[in-house]
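Below is one structure, written out as C-alpha cells; the observations come after it.
The values are calculated or read from the model by the stated rules, or taken from the named source; none is laboratory data. Fair warning: this is a prediction, and the values are worked out from it, not measured in the lab. Neighbour counts are summed over all protein chains in view; Cβ atoms, including those assigned to glycine, are modelled from backbone coordinates with ideal geometry.
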Amino acid sequence: MEDKPLKMEEIIPTIERVKNTIVSMENNLSKTLKDLEEKEAALREREEKLSQANLQKQQLEFEYLSLETEFKKISELFTELSGQQETTLDIKQLLGIYITLLEKVFAGKPHAKILYLLHGDKADMTREELTKATGFSAAIVLHSLHELHRAELINYDEDQAKANLVNRLYK
C-alpha cells in the first residue's frame, strides 16, 4: 500500500480546525489566567483583612486587660470608700453605678461628652467648639466646663474661653 499524497484542498480544512482549536485554547488560557489573577487578588485582600482583624483583636485584648485593671482599681477604691469588707464587684455592677452617676448626677451626657472630645486629637478646645461639637446649648456647656474645672479634670480659662485636659484618663 502506497501512501497517497494529500491534496492541498484536503489539508486546508484540517489546518483551519487545528488553528481554531489553538485560538480557542489560547482564549481559554487567557480567561483562566485572568480568573487566577482575580482570585489571587481576592486572596491577598482577604489575607490583608485577616491581618488587620488579628491586629485589631490584639489591640482589643490589650484594651480589655487595661480596662480590667482599671475596674479592679475602681472596685478597690469603691470598697475602701464604702467601708465595706473586701467584696468584689462585678464589672456590670460597676458600670451600672457609673452609668447612674452619669445619667443622674452629671445630667448625663454633657460632662462625659466634653471629656470624650478633649481626649480626642485636640486636647485644647474653645467653648464655642465644644458647644458645636456636643450639640448642647452654650449654657449647659459652660455649666459643665465649670463643674469639670472644679473637679480638677480640666483647666478652663474664662478669658479665652478655652478648655484643656489636666491629664488623660485613657490613651
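For this structure, a couple of remarks:
- Within region 136-162, the set of residues being in a loop (DSSP other than H, G, I, E, B) and of a type outside the set (D, E, K, R) comprises F136, S137, A151, L153, Q160, A161.
- Selection status of D157, at pLDDT below 85, outside the structural domain of T69 (by TED's automatic domain parsing) and out of contact with any Asp or Glu (no Cβ under 8 Å at 6 or more places or on another chain): no
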